[in-house]
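The values are calculated or read from the model by the stated rules, or taken from the named source; none is laboratory data. For clarity, every value in this text was computed on a predicted model and none was experimentally measured. Counting neighbours? That spans all protein chains shown, and the Cβs are built from the backbone with ideal geometry, glycine included.
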Amino acid sequence: MSSPPILLRGVSYRYGETPALESVDLRLDEGDYLGIIGPNAGGKTTLLKIVLGLLLPDSGTVEVFGRPPSESRGVIGYVPQYARFDAGFPIDVVDTVRMGRLGTGRKESARAAREAAMRALTSVDLAGLAGEPIGRLSGGQLQRVLIARALASEPRILLLDEPTASVDTRVGRSVYELLEGLSERMTIVLVSHDIGVISRHVKTIACLNVRLHYHHSRELTPEMVEAAYGCPVDLVAHGHPHRVLPAHDAGGSG
Amino acid sequence: MIGAMEYEFFQRAIVAGLLAALASGIIGTYVMARRIVSISGGLAHAAFGGIGLGYLLGFPPMAGALGFGLLSAIGIGVAELRLRQGLDTLIAMVWAVGMALGIVFASLAPGATPDLLSYLFGNILFVPPAYLWYTGGLDVLLLVVVAFLYRPLQAVAFDEEFSWVAGVPVAALFLLILGLTALTVVVLIRVVGVILVIALLTIPAAIARHWAHGLVRMMVMATAIGAVCITSGLFSSYALSAGADVNVPTGPFIILLSAGLYGVSAFAHRFVGRRSRT
């Protein structure tokens, strides 16, 4: 029996005194397409970084296909938030995407790497911008370049951090259409604070606000969305009165 | 002005300048892209501790500079990776401590107080011939590293987290680039002095960044700009002293020239950028 793509057991992480994650259990199977929603500072990016191995949990275990993340490098395609990039960095689009071909032990010619990068760019409809410096791209274009970079590594799992933050609705929709196609051949986890939008696209949904609320539902039912929307309130009821909560985060968007 | 080329010391200064421009164009581009520009100043001053120790214990000061430079580079790298200390803090510490150690060691050294200032300002007109070979060797080493590791180095500078996730040996590459920066700084200290090293590792790459959209193009452009600044600085300071009998120290003259060019480039870049957006 094969190990699940992602398996977290009792994972906790804190920044100094502030807990970011508390006893998070999560199991993803092949072909899952999970959307994790939650308020800002609810631990979403921390959770992704723990799965990636960029952060080590204070307690609990993390497995990616049955092995610790540090031994599974190259298996996961990571799409970080584009806003943290230095737009002035001297690099063009195709060279950015080629970074996805740098994996451990991958030996291939420069031509093969370039062709793989061009295929990834074509899949996000950006082949025409291959030679463009990244500083000249719009937010939505840069976002798709980062997705292409992750795809260029031919990952078995794709993790995306706020892939539609600060892009307009039309661009956001095109990103989700792209992910929907990809979800047929890889496991996808995406985090966002944009509940309204992602609830229409993902297969299952979880809510994270330090603790993870996930019911392994294969179908996205109205009850799931309801639970997701209701979750910050839930947490208040469970004794976190200081985390009162971006109710606007839940209701405003979408 | 052409008469200058008749002098062997002047020919040697030109060759040294061109070789130094290549090394600093490569490393300068990289530290600029990685946003650790102050590393060159930090390591240059850390090397001072080694120069002082050399005088104190009677071994060649440049060997001390190399040891201190490399140890500081590795120390900064390990402290950043393992202890998660801010790079800017570490660089400033190494900078001040190296300088302080150099002064303390030199003051304890027997005999006449050694002339630390000559290392600070250097003199490209009196480059020891062996250093032409050292600088040439450094250039070859840097070209080989760039030829083999260009893409991983570029990836790590652009996005360390993605590179790690993809399986690139991020920590090893970071330490490699810090070590090469230390080596470059120490070799060039003897060629052009600490101050001009900092300028050469910073200003040409900063100008190139205005216009180049790829690391290789930026390295080529930074090298060319460095070469132009050094040679025109050498010729004009020679012309001033031969023609008008005004003695301008060459190193500082090269720095002022480059800084002026940087100012022009920054304004031009802004002007061009604004036009292309409209």
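Within the range A:75-93, identify whether any single residue is within 19 Å of the chain's Cα centre (by Cα), within 11 Å of another protein chain (Cβ to nearest Cβ) and farther than 16 Å from A:Gln143 by Cα, and answer yes or no. Scanning the range A:75-93 turns up at least one residue that is within 19 Å of the chain's Cα centre (by Cα), within 11 Å of another protein chain (Cβ to nearest Cβ) and farther than 16 Å from A:Gln143 by Cα.
Report, by residue number, each residue of the range B:133-168 that is part of a helix (DSSP H, G or I) and more than 27 Å from B:Val186 (Cβ to Cβ). Even if it seems obvious, please write down each step before you answer.
Filtering the range B:133-168 for residues part of a helix (DSSP H, G or I) gives B:133-158, B:160-166.
Residues satisfying the conditions are B:Arg151, B:Ala155, B:Phe158, B:Glu161, B:Phe162, B:Ser163, B:Trp164, B:Val165, B:Ala166.
Hey, can you tell me all the residues within the range A:169-184 that are outside any helix (DSSP H, G or I) and either modelled with pLDDT of 90 or more or among the hydroxyl-bearing types (Ser, Thr, Tyr) (or both)?
Here is the first cut: in the range A:169-184, the ones outside any helix (DSSP H, G or I) are A:183-184.
Scanning the range A:169-184 gives a single hit, A:Ser183.
Among the residues of the range B:211-242, those identified as more than 18 Å from B:Leu200 (Cα to Cα) and not in a helix (DSSP H, G or I) are B:His213, B:Gly214.
Filter the range B:216-256 for residues that are over 19 Å from B:Leu19 (Cα atoms) and touching a Gly at 6+ places or on another chain (Cβ under 8 Å) and give the result.
Initially, the range B:216-256 is screened for residues over 19 Å from B:Leu19 (Cα atoms), giving B:236-249, B:256.
Correct list: B:Ala242 only.
Only a single criterion out of (1) under 27 Å from B:His45 (Cβ atoms); (2) surrounded by fewer than 21 Cβ atoms within 10 Å (Cβ to Cβ) is not satisfied by B:Val216, namely (1). One residue stands out in the range A:10-69 among those that are away from chain B (no Cβ under 14 Å) and basic (Lys, Arg): the one that is farthest from the chain's Cα centre (by Cα), namely A:Arg14. Being out of contact with any strand residue (DSSP E or B) (no Cβ under 9 Å at 6 or more places or on another chain) and surrounded by fewer than 15 Cβ atoms within 10 Å (Cβ to Cβ) is true for just one of B:Leu125, B:Leu120, B:Leu143, B:Leu132. Which residue is that? Just a single option satisfies the conditions, and that option is B:Leu143.
Being in contact (Cβ under 8 Å) with a residue 12 or more places away in the chain, within 25 Å of A:Arg170 (Cβ to Cβ) and within 12 Å of chain B (Cβ to nearest Cβ) is a condition met by no residue of the range A:101-119.
Tell me, which strands (runs of 3 or more DSSP E) wholly within the range A:28-98 include 1 or more residues that are touching a residue at least 40 places away in the same chain (Cβ under 8 Å), out of contact with any Ser or Thr (no Cβ under 8 Å at 6 or more places or on another chain) and under 15 Å from A:Leu8 (Cβ atoms)? Quick ask: steps written out before the conclusion?
Details: elements: A:33-37, A:59-64, A:76-79.
Per the criteria, A:59-64, A:76-79.
Within the set B:Ser258, B:Ser265, the sole residue that is touching a His at 6+ places or on another chain (Cβ under 7 Å) and without any contact (Cβ under 8 Å) to a residue 60 or more places away in the chain turns out to be B:Ser265.
Listed by first and then second residue, the pairs linking a residue in the range A:5-23 that is within 17 Å of A:Ala41 (Cα to Cα) to a residue that is surrounded by 14 or more Cβ atoms within 10 Å (Cβ to Cβ) and among the aromatic types (Phe, Trp, Tyr), with Cβ atoms under 8 Å apart and 6 or more places separating them unless they lie on different chains, are A:Pro19/A:Tyr13; A:Ala20/A:Tyr13; A:Leu21/A:Tyr13. Entry remark, the range A:127-168: residues being under 20 Å from the mean Cα position of the chain (by Cα), more than 13 Å from chain B (Cβ to nearest Cβ) and in a helix (DSSP H, G or I) number 5 in total.
Residues in the range A:99-126 that are surrounded by 13 or more Cβ atoms within 10 Å (Cβ to Cβ) and part of a loop (DSSP other than H, G, I, E, B): A:Leu102, A:Gly103, A:Arg106, A:Val124, A:Asp125, A:Leu126.
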